[in-house]
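Q: Below is one structure. I have some questions about it.
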Amino acid sequence: MENLTIKSFHEGLVAKDFSAREIAEAYLAKIKEQNPSLNAYLSTAEPQALETADAADAAVSEALAKGAPETIPAMTGVPLAIKDNILIKGLPATAASKILERYTASYDAGVTQKLKAARAVFLGKTNMDEFAMGSSTESSAFGITRNPHDADRVPGGSSGGSAAAVAADIAVAAIGSDTGGSIRQPAGLCGVVGFKPTYGAVSRSGLMAMASSLDQIGPLTKTVEDAALLYKAIVGADPLDATSTNEGAIAARTLETLPPLDEVKKLTIGLPKEYFVDGLSKEVSDQVGKAIEKLKKLGFAFKEISLPHTKYALSCYYIVMPAEVSSNLARFDGIRYARIPEVAAAVEKGASLMDVYMKQRGLGFGAEAKRRILLGTFVLSSGYYDAYYEKAQRVRTLITNDFTEAFKEVDVVLTPVTPTPAFKIGEKTADPLSMYLEDIFTIPVNLAGLPGISIPTESYPVGGGRLPVGFQIIGRKWHEADILNIGRWYERN
Ligand code: GLN
């Protein structure tokens, strides 16, 4: 029962090799043992998890009694880890911020509803950078998460807890969110698969908004096959998210069967020359080179392309994103949502409204959240709006157009995920700009709203003594099948 995937779990469950309850108990026990050192989970949900596992077992028995195993959803009973900025009614949802330390979710996120309907088991909520701002999980208000491959290194971020949980096998799979790389980058550093769907494919309802025009929820899994299964379970329009559509769900129907390699290898892969430059470490360039060779051996054709505005992507993102952050985080004012203990005490003593605002936000937000609120408020302020925000929006269009042009020549684009493998804890915390550079290869994908997947270049077992390196495949809008199918063939060989 080591390293169960969604697929192998489902097969075992349907064959009655084990029950959902047995597996849930085994994972909860493993979490108790390993989480004190890893800190991948901020909270666990044992009673709810066991109750759902029992319900899953009952549903499985019922379907089997009817002779209809095919009616059992792929996610039934699957033990999942959920990033702490995604709401599950009745459970804590802190987004790793002190400001929400005492907050309990009052409703289910869109993805939560879908996974509950399939009777997936939620083991607990995972650690992250505060409000998903960061690339190392070091900005969490509740302690760092360690990389299971090397305890002195970061797991990446912001979905570092989700990536570490999957890599350490204290969850079968996990859910994260990605605004500029937060699923793909930690997946790359932890040696697991991380998939960010097309903007609008998955509901953002109940995902605490960081930058609404960039945020997207997606899977972190042990295999690409699992990423496709989990994606199919969460894709689809939601009346509570006006930017969600059904295009992704319709396209996802083709994921049911993997087309033969002869079919899939007709897809041409583009290599953007702007992504294979000096700043790339030797490990990453060697490993990504090997991945390209492997795909060539499988029969894929490659073509060099150019995405000329790549050099502006980071600057553009660090204007658009903080602008949205500053308005999204305005809601945490000490009136709505939970009060931090200091504010609750001040209110008892008759604090003024201004006191409440100042204390709640002053003591509740961490340094990175404050930095971005300040930046965002500045670029939106009258007099600077045209010079910064509006200009950044124009650049965003240029970056999107680069991809549109590239997709006239090739079907998908292959790039590294990060410039280096996992870095040491503390290495970049004193220098925010070097931390921001971590997402140089993932950010353009969010700016353009495209689907992107991070796949380990090879299999990296925990304890194997090697730091994982991933590669990224970017697809056309709503063409998640292209990148998932290439990935599925890659991992089979
Ligand atoms: N690391 C990037 C940032 O700090 C991306 C974060 C994310 O995708 N949520 O903004």
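The values are calculated or read from the model by the stated rules, or taken from the named source; none is laboratory data. As the structure is a prediction and not an experimental result, all values here were calculated from the model. Every residue, glycine as well, gets a Cβ built from its backbone with ideal geometry; the counts of neighbours run over all protein chains shown. For the accessible areas, the whole protein counts, side chains as well, though only heavy atoms, and no ligand, DNA or RNA atoms are used. Shrake-Rupley method; radii C 1.70, N 1.55, O 1.52, S 1.80 Å.
Q: Looking at 172, 235, 166, can you tell me which residue is at pLDDT 95 or above, in contact with a Gly (Cβ under 6 Å, 6 or more places away or on another chain) and either open to solvent by 10 Å² or more (accessible area, probe 1.4 Å) or more than 16 Å from the ligand (Cβ to nearest atom) (or both)?
A: Numbers: 172 fails: in contact with a Gly (Cβ under 6 Å, 6 or more places away or on another chain); 166 fails: in contact with a Gly (Cβ under 6 Å, 6 or more places away or on another chain).
Selected residue: 235, the only one of 172, 235, 166 that is at pLDDT 95 or above, in contact with a Gly (Cβ under 6 Å, 6 or more places away or on another chain) and either open to solvent by 10 Å² or more (accessible area, probe 1.4 Å) or more than 16 Å from the ligand (Cβ to nearest atom) (or both).
Q: With the structure loaded, tell me whether residue 112 is modelled with pLDDT of 95 or more, closer than 28 Å to residue 478 by Cβ and away from the ligand (no atom under 13 Å from the Cβ) or whether it fails that test.
A: Numbers: modelled with pLDDT of 95 or more: yes; closer than 28 Å to residue 478 by Cβ: yes; away from the ligand (no atom under 13 Å from the Cβ): yes.
Judged against the criteria, residue 112 is a match.
Q: Only residues in segment 370-385 that are more than 20 Å from residue 134 (Cβ to Cβ) count as the first member; pair them with residues that are outside any loop (DSSP other than H, G, I, E, B) and among the aliphatic types (A, V, I, L, M), Cβ under 7 angstrom, at least 6 apart or cross-chain, and list the lot.
A: Going by the 7 Å Cβ cut-off, the qualifying pairs are 380/323.
Q: For segment 226-251: of the residues being among the β-branched types (Val, Ile, Thr) and without any contact (Cβ under 8 Å) to a residue 60 or more places away in the chain, which is nearest to residue 212 (Cα to Cα)? Give the steps one after another, and end with the answer.
A: The initial filter retains those residues of segment 226-251 that are among the β-branched types (Val, Ile, Thr), namely 234-235, 243, 245, 250.
Next cut, without any contact (Cβ under 8 Å) to a residue 60 or more places away in the chain only: 235, 243, 245, 250.
Working: 235: 18, 243: 10, 245: 15, 250: 23 Å.
Going through the qualifying residues, I end up with 243.
Q: Here's something else I'd like to know. Hey, residue 90 hits all of (1) on the phi < 0 side of the Ramachandran plot; (2) assigned to a loop (DSSP other than H, G, I, E, B) but one; which does it fall short on?
A: With respect to (1) on the phi < 0 side of the Ramachandran plot; (2) assigned to a loop (DSSP other than H, G, I, E, B), residue 90 is out only on (1).
Q: Another one. On the given criteria, is residue 397 at pLDDT 95 or above, assigned to a strand (DSSP E or B) and polar (S, T, N, Q)?
A: Numbers: at pLDDT 95 or above: yes; assigned to a strand (DSSP E or B): no; polar (S, T, N, Q): yes.
It is false that residue 397 is at pLDDT 95 or above, assigned to a strand (DSSP E or B) and polar (S, T, N, Q).
For (1) at pLDDT 95 or above; (2) within 24 Å of residue 199 (Cα to Cα); (3) under 19 Å from the mean Cα position of the chain (by Cα), each residue gets a yes or a no:
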position: 385; (1), (2), (3): no, no, no
position: 402; (1), (2), (3): yes, yes, no
position: 422; (1), (2), (3): yes, no, yes
position: 425; (1), (2), (3): yes, no, no
position: 440; (1), (2), (3): no, yes, yes
position: 450; (1), (2), (3): yes, yes, yes
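Q: So which of 336, 331 is open to solvent by 60 Å² or more (accessible area, probe 1.4 Å), over 24 Å from residue 440 (Cα atoms), at pLDDT below 95 and among the basic types (Lys, Arg)?
A: 336
Q: Could you tell me which of the residues 179, 126, 145, 104 is over 21 Å from residue 453 (Cβ atoms), touching a residue at least 60 places away in the same chain (Cβ under 8 Å) and within 16 Å of the ligand (Cβ to nearest atom)? Don't jump to the end; show me each part of the working.
A: Working: 179 fails: over 21 Å from residue 453 (Cβ atoms); 126 fails: over 21 Å from residue 453 (Cβ atoms); 104 fails: within 16 Å of the ligand (Cβ to nearest atom).
When all the criteria are applied, what remains is 145.
Q: Only one of these conditions is not met by residue 197: (1) within 16 Å of the ligand (Cβ to nearest atom); (2) in contact with a Ser or Thr (Cβ under 9 Å, 6 or more places away or on another chain). Which number is it?
A: Of the numbered conditions (1) within 16 Å of the ligand (Cβ to nearest atom); (2) in contact with a Ser or Thr (Cβ under 9 Å, 6 or more places away or on another chain), the odd one out for residue 197 is (2).
Q: Here's a follow-up. Considering only residues that are open to solvent by 20 Å² or more (accessible area, probe 1.4 Å) and β-branched (Val, Ile, Thr), which ones fall in segment 290-310?
A: Matches in segment 290-310: 310 only.
Q: Moving to a separate point now. When you go through (1) touching a strand residue (DSSP E or B) at 6+ places or on another chain (Cβ under 7 Å); (2) open to solvent by 10 Å² or more (accessible area, probe 1.4 Å) one by one for residue 107, which number turns out not to apply?
A: Evaluating residue 107 over (1) touching a strand residue (DSSP E or B) at 6+ places or on another chain (Cβ under 7 Å); (2) open to solvent by 10 Å² or more (accessible area, probe 1.4 Å) leaves (1) as the failure.
Q: Between residues in segment 471-493 that are over 16 Å from residue 265 (Cβ atoms) and of a type in the set (S, T, N, Q) and residues that are open to solvent by 10 Å² or more (accessible area, probe 1.4 Å) and modelled with pLDDT of 95 or more, which pairs lie under 7 Å by C-beta distance while being six or more apart or on different chains?
A: So the pair list comes out as 472/441.
Q: Step by step: first the residues of segment 337-371, then only those that are in a loop (DSSP other than H, G, I, E, B) and over 27 Å from the mean Cα position of the chain (by Cα), then the one that is nearest to residue 206 (Cα to Cα). Which residue is that?
A: 339
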